[in-house]
Amino acid sequence: MLIAPGIEACVADISKRGWSSFALSDDLQRKVSTAYEAAATFFDLDEKSKEACLLPYGCGYTPFGREHSGNPALPDRVEIFAASARTQDLALDLPCAAGCDLHERMMEVFRWFEMTAEDIMRGVARMVASDVPEQELTGGLHRWSQLQFNRTILTEPGQFINTAHEDGHLLTFAHANGRGLEIVTGLSVLEPDRTSSAFTVMPGAILSLLTGGEIRPLYHQVRAHSRSEHRLSLLFFADLDPQLCKPWKITPANRDVDIASRILGNAGRFGMDGFPPD
Ligand SMILES: [Fe+2]
């Protein structure tokens, strides 16, 4: 259930200004807050304990130095913990209780984000074409999406945590406990409104390809605002089963593009491991 602005308004927003936002219900906000508390506990562990919490497919813990925004020499100034449906069972055997708990807390909200992303995806598909077999898309995000916490490495205010990039996914939902996210459109840079319950909705490269370029991927960056406090952000990266990636509208922008291969290779573009085919 999308509290505000609702799915149709969200889709219209994406079409008109290139991005949108939504607010969480009180119940979901409580669950997200609990996940933030579990993330803070986990990231405060010593490095050895955190590194024992590696999981396959780029999930579990990833230390600073690996993920980047397109330039491997300039890693994003974050450490990461990611959760997914594919690693839900594996996470039960993590050797560190805090890692196990964090994955579980994240999966308690994963399903809601997945359903919301599916609703937005269907809405965008309906907007660009009248003959998309929507039923075939049902459940298509479940095994290809992930929820990720990023905690910043302390950085001088004004410096980049990550530089301008588009996400290689279908959709990203972004939330953080502090300022930093900036949306880049042409020469202008703006900060989306930030409240404890607001998530920013950002279309990625895969949504752009499925729509024949009608929706553009949103460029964004993150800048440090405090030299003494870590910024924690929660990101839901929605991707679609590659087997379902038939373009909704064919244009020169996607006519010769193998969208399924893009999904399988996208994580590698940013230094991470992606999900293998089912
Ligand atoms: Fe991003």
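The values are calculated or read from the model by the stated rules, or taken from the named source; none is laboratory data. Remember, it's a predicted structure, so these values are computed and weren't measured experimentally. Note that each Cβ is placed from the backbone with ideal geometry, even for glycine, and that neighbours are counted across all protein chains shown. Surface areas here come from the heavy atoms of the whole protein model, side chains and all, with no ligands, DNA or RNA. Shrake-Rupley method; radii C 1.70, N 1.55, O 1.52, S 1.80 Å.
Is there a residue in the range 152-166 that is open to solvent by 20 Å² or more (accessible area, probe 1.4 Å), farther than 18 Å from Leu218 by Cα and within 16 Å of the ligand (Cβ to nearest atom)? Among the residues of the range 152-166, not one is open to solvent by 20 Å² or more (accessible area, probe 1.4 Å), farther than 18 Å from Leu218 by Cα and within 16 Å of the ligand (Cβ to nearest atom), which makes the answer no.
In the range 78-93, which residues are in contact with a strand residue (DSSP E or B) (Cβ under 6 Å, 6 or more places away or on another chain) and either open to solvent by 10 Å² or more (accessible area, probe 1.4 Å) or not hydroxyl-bearing (Ser, Thr, Tyr) (or both)? Before you say what the answer is, go through the steps one by one.
Step one: list which residues in the range 78-93 are in contact with a strand residue (DSSP E or B) (Cβ under 6 Å, 6 or more places away or on another chain), which gives 78-84.
Once the filter is applied, which keeps residues that are in contact with a strand residue (DSSP E or B) (Cβ under 6 Å, 6 or more places away or on another chain) and either open to solvent by 10 Å² or more (accessible area, probe 1.4 Å) or not hydroxyl-bearing (Ser, Thr, Tyr) (or both), the range 78-93 yields Val78, Glu79, Ile80, Phe81, Ala82, Ala83.
Counted as qualifying within the range 1-109 are the helices (runs of 4 or more DSSP H) with 2 or more residues that are of a type in the set (Ser, Thr, Tyr), namely 26-43.
Scanning the range 43-102 for residues that are within 16 Å of the ligand (Cβ to nearest atom), at pLDDT 95 or above and over 26 Å from His142 (Cβ atoms) yields one hit, Glu79.
Annotation note: of Gly6, Gly58, the sole residue that is on the phi > 0 side of the Ramachandran plot and surrounded by 15 or more Cβ atoms within 10 Å (Cβ to Cβ) is Gly58.
Of the residues making up the range 196-213, at least one is on the phi > 0 side of the Ramachandran plot and either surrounded by 23 or more Cβ atoms within 10 Å (Cβ to Cβ) or touching a helix residue (DSSP H, G or I) at 6+ places or on another chain (Cβ under 8 Å) (or both). Look at (1) closer than 30 Å to Ala40 by Cα; (2) open to solvent by 20 Å² or more (accessible area, probe 1.4 Å); (3) within 16 Å of the ligand (Cβ to nearest atom) and you find that Leu232 fails only one, number (2). Checked against (1) open to solvent by less than 20 Å² (accessible area, probe 1.4 Å); (2) more than 13 Å from the ligand (Cβ to nearest atom), Ala176 meets all criteria but (2). Take the conditions (1) touching a helix residue (DSSP H, G or I) at 6+ places or on another chain (Cβ under 9 Å); (2) surrounded by fewer than 18 Cβ atoms within 10 Å (Cβ to Cβ); Gln146 misses just one of them, which is (2).
Here Ile259, Ile250 are screened, and the one residue that is in contact with a helix residue (DSSP H, G or I) (Cβ under 6 Å, 6 or more places away or on another chain), more than 13 Å from the ligand (Cβ to nearest atom) and hydrophobic (A, V, I, L, M, F, W, C) is Ile259.
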